[in-house]
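Okay, so here's the structure we're looking at.
Just so it is clear, none of the values below were taken in a lab; they were calculated from the coordinates. Worth saying up front: this structure is predicted, and the values here are computed from it rather than measured. Neighbour counts are summed over all protein chains in view; Cβ atoms, including those assigned to glycine, are modelled from backbone coordinates with ideal geometry.
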Amino acid sequence: MNCASPLSRAWREVSLDAIARNAIVLRSALRPGCRLMAVLKADAYGHGAVGVAERLEREGFGDFAVACLDEAAALRESGVRGRILILGYTPASEAAELRRYRLEQTVVDLEHAQALSASGVPLRVQLALDTGMHRLGIPAEDVDAAARVFAMPGLDVCGVFSHLCVSDDLSPEAGTYTARQLELYRAALANLRRAGLRCGDTHIQASYGILNLPPLEFSVARAGIALYGVLSDGAPVRRPLPLESALSLRARIASVRTLSPGEGAGYGLAFRAAGERRIAALAIGYADGLPRELSRLGGEVLIAGRRCPMVGRVCMDQLLVDVTAASEAAPGGVATLIGCDGGGEIGAVELAGKCSTITNELLSRLGARLPIVHSPVDRANMP
Ligand SMILES: *Cc1c(COP(=O)(O)O)cnc(C)c1O
């Protein structure tokens, strides 16, 4: 188990207060009565799923989604009582576990529904409809297939949902595609209801569906990345909301040394000191979830509020930064990779953008070795 102080090497600082405020802001952007489902997959996008779920339950939120059975079971084992929907595939062989943990399982296609039903275990399921993403779900046009799921023994269909695949794109073509997805989804719901079937919860919006569409008539909206207060990238959205980023990533300075002109540093000696440079080794590397290409792509850290460029190749457990301009840099000091420090700020969007990825990927890969501490501001507010 952990014996070191969480602040000894590198850590994630998470503000659960910010996440709770984001949840409230997001909910207020929905039609009154529409519930916000907090998407907690991938350890809440690197923010720590159990802490986030507990905080949101205290705030009165009771709808959660994860990607897989293990994530759902971990939430239940830690005492989370709300509804938990598994958005991804779970084989029917796990039916007993789904029931034991009182989970709602997504039906990913007709075969999956048949297998879950054949397990003989009574299950709560939500039916995914494919309205054009072509990933999971029964084709929304195939109302007969959807209706068959309702008739399958042992399956209690408590929701029918879909997923938008271009709702982050503000181009007219994407807008047309999203409108078509909504139309297919609405038609499928209407047809099921006409057949006398009760659809239960209905939802199609994820973060960008909330940020780029007007409030919709469905009973739930699922928020992942926006709940954590960041957007996937720097692109504009139609309905910007006052969301607060909830995660800072910090690492200790392990060692500082001075290189003479012409000396190299790191694997492959990929860095060469053009003049005399002070180089610091930070106690964080790609095994902590940082992209290895970051140093090559202009990655920077904040030390005492000053931006210091990453140099050389990112190592598994360390990375090198040029601290020539930050005279404060000293062993034991703290470098900020994501977050604010001394008036400066490096956002997750900036970091993700440098690596041509989205914050969703960057944040969800953090973790393995990075303890989570709740932010000092939160702790000050605790009873
Ligand atoms: C991951 C996921 C979400 C959350 O997406 P964000 O864009 O992060 O809000 C919602 N629905 C489904 C089906 C997902 O897989």
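Which residue, Tyr101, Ala274, Gly339, has the largest displacement toward the positive end of the dipole of the chain when charges sit on each Cβ (Lys, Arg +1; Asp, Glu -1)?
Gly339
Label region 1-108 by shape, choosing from rounded, prolate and oblate, from the square roots a ≥ b ≥ c of the eigenvalues of the Cα gyration tensor; if a/c is under 1.5 it is rounded, and otherwise prolate applies when a/b is larger than b/c, oblate when it is not.
Verdict is oblate for region 1-108.
Applying the Karplus parametrisation 6.51 cos²θ - 1.76 cosθ + 1.60 with θ = phi - 60° to the phi angles of region 281-290, what ³J(HN,Hα) value in whole Hz is obtained for each residue in order, glycine and proline being reported as x?
9, 9, 8, 7, x, 6, 5, 8, x, 6
Cut-off 10 angstrom, C-alpha nodes, Gaussian network model of the chain. Which of Tyr267, Tyr228, Tyr45 fluctuates the most?
Comparing Tyr267, Tyr228, Tyr45 in a Gaussian network model of the chain, the most mobile one is Tyr267.
Can you give the angle from 0 to 90° between the axis of helix 49-58 and the longest principal axis of the chain, with both taken from C-alpha atoms, to the nearest 10?
That works out to roughly 60 degrees.
List the residues whose amide H sits under 5 Å from the amide H of Leu40, counting only those 5 or more places along or on another chain, with H placed 1.01 Å from N in the peptide plane.
Correct list: Ala65, Val66.
If you fit an axis through the alpha-carbon atoms of helix 16-28 and take the longest principal axis of the Cα set of the chain, what angle between them do you get, 0 to 90°, nearest 10?
With both axes taken from Cα atoms, the answer is about 40 degrees.
Cut-off 10 angstrom, C-alpha nodes, Gaussian network model of the chain. Which of Gly200, Gly209, Gly159 fluctuates the most?
Ranking Gly200, Gly209, Gly159 by mean-square fluctuation puts Gly200 first.
May I ask for the net charge around Leu370, where only other residues with Cβ less than 13 Å from the Cβ of Leu370 are counted and Lys, Arg are +1 while Asp, Glu are -1?
+2
With the cut-off at 1.5 for a/c, could you classify region 15-228 from its C-alpha gyration tensor as rounded, prolate or oblate?
The shape class here is oblate.
Stretch Arg307-Cys3 to full length: gain in nm at 0.36 nm per residue minus the Cα-Cα span?
Extending this stretch completely gives an extra 106.2 nm.
Under the Karplus relation 6.51 cos²θ - 1.76 cosθ + 1.60, θ = phi - 60°, what is the ordered set of whole-Hz ³J(HN,Hα) values for region 347-356, x standing for Gly and Pro?
Karplus values, whole Hz, x for Gly and Pro: x, 4, 5, 4, 5, 5, x, 4, 9, 6.
Please report, in debye to the nearest 20, how large the charge dipole of the chain is about its Cα centre when each Lys and Arg carries +1 at its beta carbon and each Asp and Glu carries -1 there.
500 debye
Spelling out what I want: for every residue of region 69-74, take phi, set θ = phi - 60°, compute 6.51 cos²θ - 1.76 cosθ + 1.60 (Karplus), and round to whole Hz; glycine and proline get x.
With coefficients 6.51, -1.76 and 1.60, one gets 4, 4, 5, 5, 4, 4 Hz.
Before rounding to the nearest 500, sum -39500 (n - 2.57) across all DSSP H runs of length at least 4 in the chain and divide by the residue total; then give [θ] at 222 nm in deg cm²/dmol. It would help to have the intermediate numbers written out before the result.
Details: 12 runs with 111 residues, N = 383.
Calculated from helices alone, the mean residue ellipticity at 222 nm is -8500 deg cm²/dmol.
So what does log10 I(q)/I(0) come out to for the chain at q = 0.12, 0.14, 0.15 Å⁻¹, using the Debye formula with one equal point on every Cα and no solvent?
Scattering profile of the chain, log10 relative to I(0): -0.94, -1.15, -1.26.
What is the local net charge at Trp11, summed over the other residues whose Cβ is closer than 13 Å to its Cβ (Lys, Arg +1; Asp, Glu -1)?
Details: positive: Arg9, Arg12, Arg250, Arg252, Arg369; negative: Glu13, Asp288.
So the environment of Trp11 carries a net charge of +3.
Which one of Phe161, Phe61, Phe271 has the biggest mean-square fluctuation once the chain is modelled by GNM with Cα springs under 10 Å?
So, out of Phe161, Phe61, Phe271, the one fluctuating most is Phe271.
Counting only other residues whose beta carbon sits under 13 Å from that of Gly268, what net charge do I get with K and R as +1, D and E as -1?
Here the charged neighbours net out to +4.
Taking amide hydrogens as modeled 1.01 Å from N in the peptide plane, which residues meet the under 5 Å criterion relative to His374, leaving out close sequence neighbours?
Result for His374 returns Val14.
Going by a ≥ b ≥ c, the root eigenvalues of the Cα gyration tensor, does region 247-346 fall in the rounded group (a/c under 1.5), the prolate group (a/b larger than b/c) or the oblate group?
Details: a/c = 1.73, a/b = 1.22, b/c = 1.41.
It comes out oblate by the Cα gyration axes.
Length gain on complete extension for the stretch Arg58 to Ala147, per 0.36 nm per residue less the alpha carbon to alpha carbon distance? Display every interim value, and only then the final one.
Working: separation 89, 0.36 × 89 = 32.04 nm, distance 3.71 nm.
28.3 nm is the gain from fully extending Arg58 to Ala147.
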